[in-house]
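**Q** Would you mind keeping the following structure in view while I ask a few things?
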Amino acid sequence: MKKIVSIIGARPQFIKHEPLKHFIEKSFKEITIHTGQHYDKNMSDVFFNEMDIKKPEYNINVGSGSHSTQTNKMMIGIEEILIKEEPDMIIVYGDTNSTLAGAITAKKLKMRLSHIEAGMRSFNMRMPEEINRIITDRLSDINFVPSRHALDNLKNEGMNGILCGDIMYDAFKYYSKKAEGNILDNIVKGIKSNEYILMTLHRVSNTIPENLEIILNRLNKIGKEIIFPIHPRTLKIIKSGLKSNNQFNNIELIEPVGYIDMITLMKNSLCIITDSGGLQKEAYYAEKKCFTVRGETEWPETMMYNANILCPNAECDFITEINNTANVKFKNPYGDGNSAEIITKYLMEYLYDN
Ligand code: UD1
Ligand code: UDP
């Protein structure tokens, strides 16, 4: 049986890996490496505990650090495991430092590499993720792309890809069923369906203290309750002290939640404010209007029909926009939620014929 090693390490990768692992395991021996990029219980363990996958076979436990230190430590750990396991294919997901470390290590060992969620571009080289994407796409033997737009991005750079839809839609569909019957009040006491905004914020550019301060001040003035499962990066910035003594009375900080609770929070929200890549799409799948606190998006399809509005620095007339549902439509361009099956079938043909 051919062997596949999957490399994951950050929250969105646990969610992307879950549906694919199920399919891959039917036809291949699958081994998972967790780099340890995310390590808090509610950034890592919670997903393995609530989702239907077993814990990774390896955890390199790299923890946090500067980009180079973190990537370097990951590469050392990954190299040792890949030499031992001798896989026929390595899979990496998305655009984190774990993706980059996996991709470079695989190719330096002359091993075959697949990139899931390839072809994404923000055309903003100040984003660490943009660097990771470009390098990983360039190194990969197979680039699995979620949309035609992503395929065009690759073609414009002289590459090609396999259109398979969005793997996160597989996860979203499956875990939406599991979230049925989940009680909102058990997640945040006292919140009511359709009376709050769900928010996440963690991008480097938005967590520079001066920027974060401006954003939170603006959002606090919307006058709606905002539920904010806060990423540890953002919490550290708030705790280390913002300049003003402003109280953000309308913003309720809660710990990061597991995926099932997150789906419940999305589906019951009035709308979503985020700078997350994954959550922009999930807002679309949940048919909630999304306000993206960035100047650009890698998911431009979500902007059609007013479903996703870009609000750099949260400069946006939220109240008018929230109530403006007239032209909002949600037409999913990211496949049917069967990406895992498409990817596995492709890998079967590729690996057993090569
Ligand atoms: C990373 C990804 C980003 C992705 C995000 C998903 C890169 C370059 N960025 O950003 O693309 O959107 O994950 O959530 O890989 N921390 C903890 N506990 C943890 C994890 C992190 O306290 O379990 C804190 C540490 O102070 C750390 C900081 O968060 O320095 C940032 O973590 P890191 O993994 O470097 O980047 P993210 O911002 O999470
Ligand atoms: N998510 C979650 N709990 C949270 C916040 C986010 O389960 O408290 C999920 C979210 O629904 C999405 C994924 O994590 O599926 C997105 O991850 P994140 O925003 O950290 O990374 P990005 O998508 O920006 O790379």
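The values are calculated or read from the model by the stated rules, or taken from the named source; none is laboratory data. Keep in mind it's a predicted model, so treat the numbers as computed, not measured. For neighbour counting, all protein chains shown are included, and Cβ atoms are generated from backbone atoms with ideal geometry for every residue, glycine included. To get the accessible areas, we keep the full protein, side chains included, count just its heavy atoms, and leave off ligands, DNA and RNA. Shrake-Rupley method; radii C 1.70, N 1.55, O 1.52, S 1.80 Å.
**Q** Please find, within region 121-172, the residue that is farthest from ligand 1 (Cβ to nearest atom) out of those that are in contact with a Pro (Cβ under 6 Å, 6 or more places away or on another chain) and of a type in the set (D, E, K, R).
**A** The qualifying residue farthest from ligand 1 (Cβ to nearest atom) is Asp170.
**Q** Same structure again: Do you know which residues across region 18-29 are without any contact (Cβ under 8 Å) to a residue 40 or more places away in the chain and either β-branched (Val, Ile, Thr) or open to solvent by less than 10 Å² (accessible area, probe 1.4 Å) (or both)?
**A** Start the filter on region 18-29 by keeping residues that are without any contact (Cβ under 8 Å) to a residue 40 or more places away in the chain, which leaves 21, 25, 29.
Within region 18-29, Lys21 is the sole residue that qualifies.
**Q** If a residue has to be under 21 Å from the mean Cα position of the chain (by Cα), assigned to a loop (DSSP other than H, G, I, E, B) and surrounded by 13 or more Cβ atoms within 10 Å (Cβ to Cβ) to count, how many in region 298-335 make the cut?
**A** Final tally of qualifying residues: 9.
**Q** Of the residues Gly158, Gly190, Gly181, only one is at pLDDT below 95, open to solvent by 10 Å² or more (accessible area, probe 1.4 Å) and of a type outside the set (S, T, N, Q); which? Steps first, answer last, please.
**A** Details: Gly158 fails: at pLDDT below 95; Gly190 fails: at pLDDT below 95.
Exactly one of Gly158, Gly190, Gly181 is at pLDDT below 95, open to solvent by 10 Å² or more (accessible area, probe 1.4 Å) and of a type outside the set (S, T, N, Q), namely Gly181.
**Q** Still on this model: In region 196-204, is there at least one residue being open to solvent by less than 30 Å² (accessible area, probe 1.4 Å), in a helix (DSSP H, G or I), within 16 Å of ligand 1 (Cβ to nearest atom) and closer than 22 Å to Leu310 by Cβ?
**A** Going residue by residue through region 196-204, those that are open to solvent by less than 30 Å² (accessible area, probe 1.4 Å) are 196-201.
Applying the additional criterion that residues be in a helix (DSSP H, G or I) yields none.
So far as region 196-204 goes, no, none of its residues is open to solvent by less than 30 Å² (accessible area, probe 1.4 Å), in a helix (DSSP H, G or I), within 16 Å of ligand 1 (Cβ to nearest atom) and closer than 22 Å to Leu310 by Cβ.
**Q** Do we have any residue at all in region 314-332 that's hydroxyl-bearing (Ser, Thr, Tyr) and modelled with pLDDT under 95?
**A** Within region 314-332, the subset hydroxyl-bearing (Ser, Thr, Tyr) is 320, 325.
Now restrict to residues that are modelled with pLDDT under 95: 320, 325.
Looking for residues that are hydroxyl-bearing (Ser, Thr, Tyr) and modelled with pLDDT under 95, one finds at least one in region 314-332, hence yes.
**Q** Quick one: Lys224 ticks every box in (1) touching a residue at least 12 places away in the same chain (Cβ under 8 Å); (2) more than 25 Å from Phe318 (Cβ to Cβ) bar one, so which box is it?
**A** (2)
**Q** I've got another one for you. Give me the pairs, please: first residue somewhere in region 84-95 and on the phi > 0 side of the Ramachandran plot, second residue anywhere and more than 16 Å from ligand 2 (Cβ to nearest atom), beta-carbon distance under 8 Å, and either six or more positions apart or on two chains.
**A** Cβ pairs passing all conditions: Glu86/Lys3.
**Q** Does Asn194 satisfy the condition of being more than 21 Å from Ser44 (Cα to Cα) and either aromatic (Phe, Trp, Tyr) or touching a Leu at 6+ places or on another chain (Cβ under 8 Å) (or both)?
**A** Details: more than 21 Å from Ser44 (Cα to Cα): yes; either aromatic (Phe, Trp, Tyr) or touching a Leu at 6+ places or on another chain (Cβ under 8 Å) (or both): yes.
For Asn194, the condition - more than 21 Å from Ser44 (Cα to Cα) and either aromatic (Phe, Trp, Tyr) or touching a Leu at 6+ places or on another chain (Cβ under 8 Å) (or both) - is met.
**Q** Of all residues in region 70-83, how many are open to solvent by 30 Å² or more (accessible area, probe 1.4 Å) and either in contact (Cβ under 8 Å) with a residue 40 or more places away in the chain or charged (D, E, K, R) (or both)?
**A** Summing the residues that are open to solvent by 30 Å² or more (accessible area, probe 1.4 Å) and either in contact (Cβ under 8 Å) with a residue 40 or more places away in the chain or charged (D, E, K, R) (or both) in region 70-83 gives 3.
**Q** Which condition does Leu216 not pass, out of (1) farther than 23 Å from Gly181 by Cα; (2) within 14 Å of ligand 2 (Cβ to nearest atom); (3) in contact with a strand residue (DSSP E or B) (Cβ under 8 Å, 6 or more places away or on another chain), if it passes all the others?
**A** Against the list (1) farther than 23 Å from Gly181 by Cα; (2) within 14 Å of ligand 2 (Cβ to nearest atom); (3) in contact with a strand residue (DSSP E or B) (Cβ under 8 Å, 6 or more places away or on another chain), Leu216 comes up short only on (2).
**Q** Only one of these is more than 12 Å from ligand 2 (Cβ to nearest atom), surrounded by fewer than 17 Cβ atoms within 10 Å (Cβ to Cβ), more than 17 Å from Met168 (Cβ to Cβ) and over 14 Å from the mean Cα position of the chain (by Cα): His67, His34. Name it.
**A** His67
**Q** Taking the stated definitions as given, is Thr297 near ligand 2 (Cβ under 9 Å from one of its atoms) and either within 18 Å of Ile187 (Cβ to Cβ) or in contact (Cβ under 8 Å) with a residue 40 or more places away in the chain (or both)?
**A** Considered against the rule, which asks whether it is near ligand 2 (Cβ under 9 Å from one of its atoms) and either within 18 Å of Ile187 (Cβ to Cβ) or in contact (Cβ under 8 Å) with a residue 40 or more places away in the chain (or both), Thr297 comes out as no.
**Q** Report the residue count in region 246-268 for those that are touching a Phe, Trp or Tyr at 6+ places or on another chain (Cβ under 7 Å) and away from ligand 2 (no atom under 12 Å from the Cβ).
**A** Count: 2.
**Q** Give the residue, chosen from Met51, Met43, that is under 26 Å from Glu255 (Cβ atoms), within 16 Å of ligand 2 (Cβ to nearest atom), buried (at least 17 other Cβ atoms within 10 Å of the Cβ) and at pLDDT below 95.
**A** Details: Met43 fails: at pLDDT below 95.
None of the others qualify; the one that does is Met51.
**Q** If the Cβ limit is 6 Å and pairs must be 6+ apart or interchain, which residue in region 107-132 that is more than 20 Å from Ile76 (Cβ to Cβ) pairs with which residue that is β-branched (Val, Ile, Thr)?
**A** Hits for this filter: Ser114/Ile91; Ser114/Ile142; His115/Val92; His115/Thr136; Ile116/Ile167; Ala118/Val145; Gly119/Val145.
**Q** Another question, then. Name every residue in region 336-354 that is at pLDDT 90 or above, of a type in the set (D, E, K, R) and surrounded by fewer than 16 Cβ atoms within 10 Å (Cβ to Cβ), in order of residue number.
**A** Asp336, Lys345, Glu349
**Q** Something else now. How many residues are part of a helix (DSSP H, G or I) and either buried (at least 24 other Cβ atoms within 10 Å of the Cβ) or at positive phi (or both) when one looks only at region 104-129? Reasoning before the result, please.
**A** Within region 104-129, the first condition is being part of a helix (DSSP H, G or I), and the residues that meet it are 104-108, 128-129.
Add one more test, that the residue is either buried (at least 24 other Cβ atoms within 10 Å of the Cβ) or at positive phi (or both), and what stays is 105-106.
Number satisfying all stated conditions: 2.
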